[in-house]
Amino acid sequence: MAYAVNSQAIARSTLKAVFGYDAFRPHQEDAVVAALEGRDAAVLLPTGAGKSLCFQVPAIAKAREGEGPALVISPLIALMADQVNALQGRGVKAALVNSHQRDAANHATLRAYARGELELLYVSPERAAGPGFRELLDLTPPCLIAVDEAHCVSQWGHDFRPEYMRLSELRESCSAPMMAATATATPRVLKELIRRLGLADPAVVRGDFRRANLCFSVEHRRSKADRTKRLIEMLKDAGFQGRRGSKAIVYCSTRKATEAVADALQAEGFAARHYHAGRTKRERERAQHAFGVGRLRILVATSAFGMGIDFPDVRLVVHYQSPGSLEAYFQEAGRAGRDGDAANCVLFFGAADMQTQRRLISGSHRGAGEALRAMEAYAHADRCREQLLCEHFGMAETPPCGRCDVCLGDVSFEEDAPPTPPALGEEALATIVAAVGGLTRPVGKTALARALRGSRAKALNKGGLLHLPEHGALKEHEERAIVSAIETCLSEGRLAHRGNKYPTVWIPGKPVRSAKAPGAAPRAAKKKAPKAFRRAAYSPLQGALERFRKRKARELKWKPYMVFQKRTISALDETRPSTLDELHAIPGLGHSRIERFGEDLLRLIRENP
Ligand code: ADP
Ligand code: ZN
């Protein structure tokens, strides 16, 4: 509170002295002043607006006033390292601890923190929520706790991290204000991060999500051939054939698609390459470098590309396939026009995209289904795209942009798309879940849909399908509408997949008993099924781990058991570790495997609840 009068002056002089900037960008100062005055804050700024300065400036000012070091919690090790390097280059005493660094180095850093020798300490959420960290804060209370990428605390967000749920505990040791920063600003995420991080009456600083130099448009295209043809046409029109010049990014949902599209572009003589997380680190760095220096003009990438990198002269971002949420779309499309010059963001959209996304997100976070519906609504909207995006990010009453395809009146109509059946309502979804709850064993989606439509086909004599109270309850709906509603339930985690070879649906977490099916013909005292059969009821996580193991074995030309053994899969499935440290307790996972596969395993566990 000592700052109340002159916190603005302190903020500005620190900005100038440390960063050399003369003025804050819009909204930054509000966040900085809140922190200087000891108030909690939620900072929602679009990528590139300058979020990091919002916590770095008060952190440095307070630390230099003798209030102790600041703590920054960040989930992205690469970004953390970039920020720490940049700060050190400006003479700030910043350091980081994370699991990729040797223990000795981490300990030395923590000792420096405890002795008050640091101004900013960056830590991963695993560390911050892990053992011993609170004791450290008891010893040396921080002057500010900044939580970067704070949407990770939201189960409705696209990046949920369980460790974030424990960050509110850190405040029990100290009275430091907490600043939560994110580029995901939907009202729901805001509400959830305030609640889960325990922010008290926070200053809410919301940036302007409009980008006056971007033109958004949507083109409805069904087939890949059509999309590829149109993409080539667009790139030619925009002059992307030359060896040098501005850049374009083409985003695809799958690795396979990036390869196919890059091939097609190369065949047309474009300087294009593909980029995805399955390529080696070296290949990715090379592609990124070539793109950075302009030798490569078109990068065809999955969402793995772009986090924390900024290329000013991207003139075109095409989504060859639709992403699964508007947050992801806005973040990726927003990589266009960072230099402020005009740029285009084009989304190719078709019903097949939603199916691909449902498959990709199946059983992932709670808000996945809802996020898909928002994406769908954006694609089908007949009002200003920017307005809709702003509304999604919580900005009320922005005027129409005058630049998007809708504002300009050149909306592409939905070419030869078959009429999509109307999506089933909540009541029907509840009926589906209830029906699955009454089954005696998992069944396929089509079989379930047919039974709900009232079919009495012999083939449905399994799992008690013919005897469900819900049999025939959805008879007025088309089979594919019901199948798609079942997929919605799967993507929202209300149903789970079982089995690998023939995917069937089941209630998440419910054990499959070898009970007698009431509908099945009575069988004389059935013996226990042979072992192989009993094991068939794989949990989604076991299935995912098994597929991961096979894929890695193929990539590394190893035998699957060399990646890890079945008992490791069972142990992971039973104990569901959530941190790298916890992985050390799993049989069959040593240091080198954890280093190599640890992050992937944690991700699979998160993605398969
Ligand atoms: P975000 O985290 O919001 O994506 P960054 O914090 O990385 O954005 O900032 C984006 C860029 O803008 C950085 O290069 C940063 O140095 C620059 N920047 C931030 N604030 C200012 C400012 N007030 N004046 C000039 N440049 C700024
Ligand atoms: Zn518009």
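The values are calculated or read from the model by the stated rules, or taken from the named source; none is laboratory data. Here the structure is a predicted model, which is why all the values come from computation and not from measurement. Ideal geometry is used to build each Cβ from the backbone, glycine not excepted, and the neighbour counts take in all protein chains shown. Only protein heavy atoms, including side chains, enter the accessible area calculation; ligands, DNA and RNA are left aside. Shrake-Rupley method; radii C 1.70, N 1.55, O 1.52, S 1.80 Å.
Give the average over all directions of the projected area of the C-alpha convex hull of the range 214-370, one decimal, in nm².
Details: hull surface 35.6 nm².
With the hull built on Cα positions only, its mean projection is 8.9 nm².
How much length is gained if the chain between E555 and A81 is pulled fully straight, taking 0.36 nm per residue apart and subtracting their Cα-Cα distance, in nm to one decimal? Write out the running numbers ahead of the final one.
On the way: separation 474, 0.36 × 474 = 170.64 nm, distance 2.89 nm.
Stretched out fully, the E555 to A81 stretch lengthens by 167.7 nm.
Computed FRET efficiency, Cβ-Cβ of E117 and E283, R0 35 Å: what is it to the nearest 0.05?
On the way: r = 40 Å, r/R0 = 1.15.
After rounding, the FRET efficiency stands at 0.30.
How far apart, in nm, are the 7 Å Cα→Cβ label points at D581 and R456?
About 6.3 nm separates the two model spin labels.
With an 8 Å cut-off on Cα pairs and a minimum separation of 6 or more residues, tell me the relative contact order of the chain in percent.
Working: 1044 pairs, mean separation 64.8, N = 609.
Normalised by residue count, the contact order of the chain is 11 percent.
Top to bottom by accessible area (1.4 Å), largest first, where do D341, D600, D148, D237 land? All intermediate terms of the calculation are to be shown ahead of the outcome.
Values: D341 90, D600 45, D148 15, D237 120 Å².
Largest accessible area first, the residues go D237, D341, D600, D148.
With Cβ to Cβ distances under 11 Å as the rule, what net charge do the other residues near G269 carry (K, R +1; D, E -1)? Write out the running numbers ahead of the final one.
Details: positive: K236, R243; negative: E268.
Surrounding charge for G269 is +1.
For the chain, compute Rg over Rh where Rg is the Cα radius of gyration and Rh is the Kirkwood radius from the inverse mean 1/r over Cα pairs.
Numbers: Rg = 26.3 Å, Rh = 26.6 Å.
With Rh from the inverse mean 1/r over Cα pairs, Rg/Rh is 0.99.
Any chance you could look up the accessible area of H27 with a 1.4 Å probe, heavy atoms only, rounded to 10 Å²?
Around 60 Å² of this residue is reachable by solvent.
To one decimal place, what orientation-averaged projected area in nm² is obtained for the convex hull of the Cα set of the range 64-199?
Values: hull surface 31.6 nm².
Spelled out: convex hull of the Cα atoms, projected over all directions, averaged, 7.9 nm².
By how many nm would the segment from A267 to R383 grow when fully extended, if each residue of separation counts as 0.36 nm and the alpha-carbon distance is taken off?
Working: separation 116, 0.36 × 116 = 41.76 nm, distance 3.75 nm.
That pair, A267 and R383, stretches by 38.0 nm at full extension.
As a test question: what accessible area, to the nearest 10 Å², does R166 have when a 1.4 Å probe is rolled over all protein chains in place?
So the heavy atoms of R166 present about 110 Å² to solvent.
Hey, any idea what % of the chain's accessible area is carbon plus sulfur with a 1.4 Å probe?
Working: 14630 of 28520 Å².
For the chain, the apolar C and S fraction of the accessible surface comes to 51 percent.
Order the peptides 331-338, 452-459, 106-113 from the highest to the lowest mean number of other Cβ atoms within 10 Å of their residues.
Details: 331-338: 22.0, 452-459: 14.5, 106-113: 16.4.
Put in order of decreasing packing, that is 331-338, 106-113, 452-459.
Of all the C-alpha pairs in the range 28-106, what % are more than 21 Å from each other? Don't skip to the end; give the middle numbers.
Numbers: 990 of 3081 pairs.
Cα-Cα pairs of the range 28-106 separated by over 21 Å account for 32 percent.
In whole Å, what is the distance between the alpha-carbon centres of the range 543-605 and the range 89-141?
28 Å
Probe radius 1.4 Å, ligands and nucleic acids left out: which of K191, K550, K475 has the largest accessible area, and how do the rest follow?
Accessible-area ranking of K191, K550, K475, largest first: K191, K475, K550.
If ligands, DNA and RNA are left out, what is the accessible area of Y251 with a 1.4 Å probe, given in Å² to the nearest 10?
Using a 1.4 Å probe on the heavy atoms, I get roughly 0 Å².
For D138, D201, D573, write out the residues from largest to smallest accessible area, computed with a 1.4 angstrom probe and no ligands counted.
Values: D138 95, D201 115, D573 40 Å².
Correct descending sequence by accessible area is D201, D138, D573.
Below 8 Å, C-alpha to C-alpha, sequence gap of six or more: please give me the relative contact order for the range 2-51 in percent. List each step's numbers first, then the result.
Numbers: 32 pairs, mean separation 17.2, N = 50.
Relative contact order for the range 2-51 comes out at 34 percent.
Past the 29 Å Cα-Cα mark, which pairs from K51/K224; K191/K281; K462/K550; K462/K510? Mind showing how you got there, number by number?
Values: K51/K224 38 Å; K191/K281 38 Å; K462/K550 31 Å; K462/K510 18 Å.
Distance filter (> 29 Å) returns K51/K224; K191/K281; K462/K550.
Per residue, how much accessible area does the chain have with a 1.4 Å probe, in Å²?
Per-residue value: 47 Å².
How long is the gain from E397 to Q565 if the chain were fully straight, where each residue apart is worth 0.36 nm and the alpha carbon distance is subtracted? Please list the in-between numbers first.
On the way: separation 168, 0.36 × 168 = 60.48 nm, distance 5.62 nm.
Answer, rounded to one decimal: 54.9 nm.
With charges only on Cβ, +1 for K and R and -1 for D and E, what is the dipole size of the range 137-178 about its Cα centre, in debye, rounded to 20? Intermediate values should be presented prior to the final figure.
Numbers: 3 positive and 7 negative charges, 14 e Å.
So the dipole magnitude of the range 137-178 works out to roughly 60 debye.
So what is the 222 nm mean residue ellipticity for the chain from helices alone, if each DSSP H run of at least 4 adds -39500 (n - 2.57) and you divide by all residues, rounding to the nearest 500 deg cm²/dmol? Don't skip to the end; give the middle numbers.
Details: 24 runs with 248 residues, N = 609.
One gets -12000 deg cm²/dmol as the mean residue ellipticity at 222 nm.
Any chance you could check the Cα centroid distance between the range 45-62 and the range 281-349 for me, in angstrom?
If we compute the Cα centre of each part, the gap is 24 Å.
Per residue, what volume in Å³ does the convex hull of the Cα atoms of the range 1-67 enclose? Kindly include the intermediate steps, with their values, before the conclusion.
On the way: hull volume 5.1 nm³, N = 67.
So the per-residue hull volume is 76 Å³.
Calculate the length of the line joining the C-alpha centroid of the range 463-513 to that of the range 218-274, in whole Å.
38 Å
Considering only DSSP beta bridges with both partners in the chain, what is the antiparallel share in %, to the nearest 5?
Percentage antiparallel, nearest 5: 10.
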